[in-house]
Amino acid sequence: MFIFDPGMTDIQGLLSLLYILTVVFVCLMIIFENRNPLKTLSWILVILLVPIAGIVIYIFFGQNYRKQKIFSRKGLYDLEQLSDYAARQSVSLPGYLANETDAVKSKEHLIRLMFNNNRSVLTTYNKVDLLVDGEQTFPAMRQAIEEAREFVHLEFYRIEPDMLGTEFKELLQKKAAEGVRVRVIFDDVGSWNLKNNYLREVRNAGIEIYPFMPVRFPLLTNKINYRNHRKIVVVDGVTGFVGGLNIADKYLQGHKELGPWRDTHLKVTGESVATLNSVFLADWYFVSGESITNIESYLKCQRVNNRCLMQVASGGPDSDWANIMQVYFSAIATAKKSIYLSSPYFSPDESILTALLTASLSGVDVKIIFPHHSDSAVANWNTRSYISEL
């Protein structure tokens with residue numbers, strides 16, 4: 001750190017004082033954010049022990065976006081009504097579950113948690129198909145988009161201008177030419193390879209496409225620290241897709257160094273498609289600023305005869321809570337028989353790790369699968385740091 005020295009010039013002394021005041025201000029700001037004590041102490045140490053660079057690192061990577069509310073949902077009145085409906089559902093939940101099985105009733109605490117921390121509407125009539133890889137997922141997506149008559153909504157972290165990306169681009173251009181409303185959101189960091197020529201061609205075809213939090217200089221902006229990893233497709237309010245696969249050849253053909261790509265996707269039909277679309281519409285308002293006036297036409301759904309209770313949760317800095325983490329924690333902490341967990345990037349925080357260890361020590365059967373080969377060396381090292389304790 002800087003210290004005062006009698007030999008300093010007035011300017012040097014002033015700069016030193018200014019730096020010290022800045023350090024004190026930033027440290028107090030971190031403390032008053034009421035973070036996890038471990039995170040608070042870690043960031044304070046970084047700022048104190050790494051002169052100047054520590055503050056820069058915190059500005060770019062350490063700010064609590066959930067507290068800052070960088071997302072605004074103003075203008076989405078109809079989506080707020082959907083949230084109010086979830087709140088009313090929470091009150092009537094015991095009566096709703098009165099005739100359900102004991103297995104469903106035992107999960108009332110999870111249903112109620114999702115009502116309260118994410119306003120997740122509980123839907124009853126749904127059908128969910130498990131798509132275990134790209135060979136099952138992408139043909140199903142293409143078929144659904146081919147059958148689109150009104151609108152197609154897509155949101156992906158990564159869209160590559162490769163063979164698969166070009167195939168989907170041409171399909172969307174075809175549907176736009178037929179009069180189908182096509183909206184696309186891509187993450188500006190994850191889809192860094194999408195060049196202006198590609199985007200210009202797409203927009204000239206009548207497709208509306210926006211980046212999530214554009215980043216022009218990745219190393220010089222804090223926007224790189226929070227990205228949109230959602231993968232959502234909604235077609236006509238009839239069919240929805242959600243899961244782990246992006247639009248790129250490697251998700252279908254595998255990686256030349258890592259081998260076959262293993263990821264899971266879901267195809268959803270029924271009432272929950274509307275709630276999945278509401279997540280997209282909130283993101284669309286954020287990236288485009290467009291408040292859709294006829295939003296009710298996008299929240300319709302096609303009822304199916306299959307009875308399958310389902311809630312859709314979305315996590316991010318637009319919510320007051322780390323809602324998905326809370327649901328995982330509650331599910332793990334209240335498990336009676338088994339916990340089977342599969343994750344490409346296993347990096348639990350202290351609460352999740354404690355819940356897993358406690359469950360296992362209590363006799364619950366805990367099994368965890370993570371990749372032997374990962375596309376992220378840092379994530380791989382981080383995951384393996386937990387193995388001994390587990």
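Figures for the structure shown
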read-out	value
Qualifying residue in the stretch 78-93 (condition: surrounded by 15 or more Cβ atoms within 10 Å (Cβ to Cβ), modelled with pLDDT of 80 or more and of a type in the set (Val, Ile, Thr))	no
3 or more residues closer than 25 Å to Asp129 by Cβ and touching a residue at least 24 places away in the same chain (Cβ under 8 Å): qualifying strands (runs of 3 or more DSSP E) within the stretch 144-223	151-156, 181-187
Looking only at the stretch 239-269, and only at residues there that are touching a Gly at 6+ places or on another chain (Cβ under 6 Å) and among the aromatic types (Phe, Trp, Tyr), the one that is nearest to Lys169 (Cα to Cα)	Tyr251
Flag for Thr124 being at pLDDT 90 or above and either in a helix (DSSP H, G or I) or in contact with a His (Cβ under 6 Å, 6 or more places away or on another chain) (or both)	no
Tabulated pairs, the stretch 279-296, first closer than 22 Å to Arg203 by Cβ and assigned to a helix (DSSP H, G or I), second modelled with pLDDT of 90 or more and among the polar types (S, T, N, Q), C-beta under 8 angstrom, 6+ apart or interchain	none
The lone exception for Asn294 - which of (1) modelled with pLDDT of 90 or more; (2) open to solvent by 30 Å² or more (accessible area, probe 1.4 Å); (3) among the polar types (S, T, N, Q) it fails	(1)
Check on Val104, in a strand (DSSP E or B), out of contact with any Asp or Glu (no Cβ under 6 Å at 6 or more places or on another chain), touching a residue at least 60 places away in the same chain (Cβ under 8 Å) and farther than 15 Å from Ala313 by Cα	no
Qualifying residue in the stretch 315-328 (condition: open to solvent by 40 Å² or more (accessible area, probe 1.4 Å) and more than 18 Å from the chain's Cα centre (by Cα))	no
Residues that are of a type outside the set (Gly, Ala, Ser), more than 25 Å from Asn116 (Cα to Cα) and open to solvent by 40 Å² or more (accessible area, probe 1.4 Å), drawn from the stretch 329-356	Lys337, Tyr340, Pro344, Tyr345
Members of the stretch 234-250 found to be open to solvent by 10 Å² or more (accessible area, probe 1.4 Å), part of a strand (DSSP E or B) and closer than 13 Å to Glu147 by Cβ, listed by number	Thr239
Within the stretch 122-155, considering residues that are of a type in the set (Lys, Arg) and within 22 Å of Gly244 (Cβ to Cβ), the one surrounded by the fewest Cβ atoms within 10 Å (Cβ to Cβ)	Arg142
Candidate set: the stretch 357-374, residues that are open to solvent by less than 70 Å² (accessible area, probe 1.4 Å) and not in a strand (DSSP E or B); chosen: the one farthest from Val327 (Cα to Cα)	Ser374
Residue match in the stretch 113-121 (condition: in contact with a helix residue (DSSP H, G or I) (Cβ under 9 Å, 6 or more places away or on another chain) and among the basic types (Lys, Arg))	yes
Counted residues, the stretch 177-189 - those being surrounded by fewer than 20 Cβ atoms within 10 Å (Cβ to Cβ) and at negative phi	4
Some residue of the stretch 135-155 being more than 20 Å from Ala274 (Cα to Cα), more than 24 Å from the chain's Cα centre (by Cα) and of a type in the set (Ser, Thr, Tyr)	no
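Yes/no matrix, rows are residues, columns are (1) in contact with a Leu (Cβ under 6 Å, 6 or more places away or on another chain); (2) within 30 Å of Lys250 (Cβ to Cβ):
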residue: Ala87; (1), (2): no, no
residue: Gly95; (1), (2): no, no
residue: Lys105; (1), (2): yes, no
residue: Asn116; (1), (2): no, no
residue: Arg119; (1), (2): no, no
residue: Val132; (1), (2): no, yes
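So that you can scan it fast, the table gives a plain yes or no per residue for (1) touching a strand residue (DSSP E or B) at 6+ places or on another chain (Cβ under 9 Å); (2) within 12 Å of Ile207 (Cβ to Cβ):
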| site | (1), (2) |
| --- | --- |
| Met163 | no, no |
| Ala176 | yes, yes |
| Asp187 | yes, no |
| Trp192 | no, no |
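The values are calculated or read from the model by the stated rules, or taken from the named source; none is laboratory data. Predicted, not measured: the structure shown is a model, and the values here were computed from it. Here the Cβ is made from the backbone with ideal geometry for all residues, glycine too, and neighbour counts use every protein chain on show. Heavy atoms of the whole protein, side chains included, go into the accessibility calculation; ligands, DNA and RNA do not. Shrake-Rupley method; radii C 1.70, N 1.55, O 1.52, S 1.80 Å.
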